[in-house]
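Read the figures in this text as sums done on the coordinates, not as results from a lab. Just so it is clear, the model here is predicted, and its values are computed rather than measured. Virtual Cβ from ideal backbone geometry, glycine too; neighbours counted across all protein chains shown.
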Amino acid sequence: MIIARLEKQPNREPHDAWWLVINGVIEPELLHFSQAIDNQTLVQKVIAARAQKFVIDLTTLSNFDSRGLLLLLLLYRQLSDENIPLVLRNPNSYLQRILRIMQVDHFFEIDVGENPKGNHDNPGRSARS
């Protein structure tokens, strides 16, 4: 399993970009999320590591925009072509609601097992149920 943390870092170039901090069975690395998806660097790393699933930890993510959602959907498509599930860990209730409204919540395995400081409406319940 590979675990990554998605974060928006406003002081990095390109300005206000989404970055993915990766650790787990591969070398720790900071990737520009958009570029890693566009050139399939991320998927190649996941395949090379023979990962059974790819987990993105959203516990510390406080805001989310349409570009971030698009990147998650593109990553889902690339990983699903390789039969590797994409797990979103601890998305806040706002993001869970957006995924349901956009009718893409069933694309992801959503893990809300932890409830850091009231970040979720229903601790311990899967958003897929």
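Worth a mention:
- Our coupling estimate for the stretch 67-83, obtained by passing each phi through the Karplus curve with A = 6.51, B = -1.76, C = 1.60 and θ = phi - 60°, is 5, x, 5, 4, 5, 4, 5, 5, 5, 4, 4, 5, 6, 5, 4, 9, 6 Hz, Gly and Pro reported as x.
- Rough spin-label spacing in nm, given labels placed 7 Å along Cα→Cβ, for residue 52 and residue 30: 3.2 nm
- Given their separation in residues at 0.36 nm each and the Cα-Cα distance between them, residue 41 and residue 69 gain 8.2 nm when the chain is fully extended.
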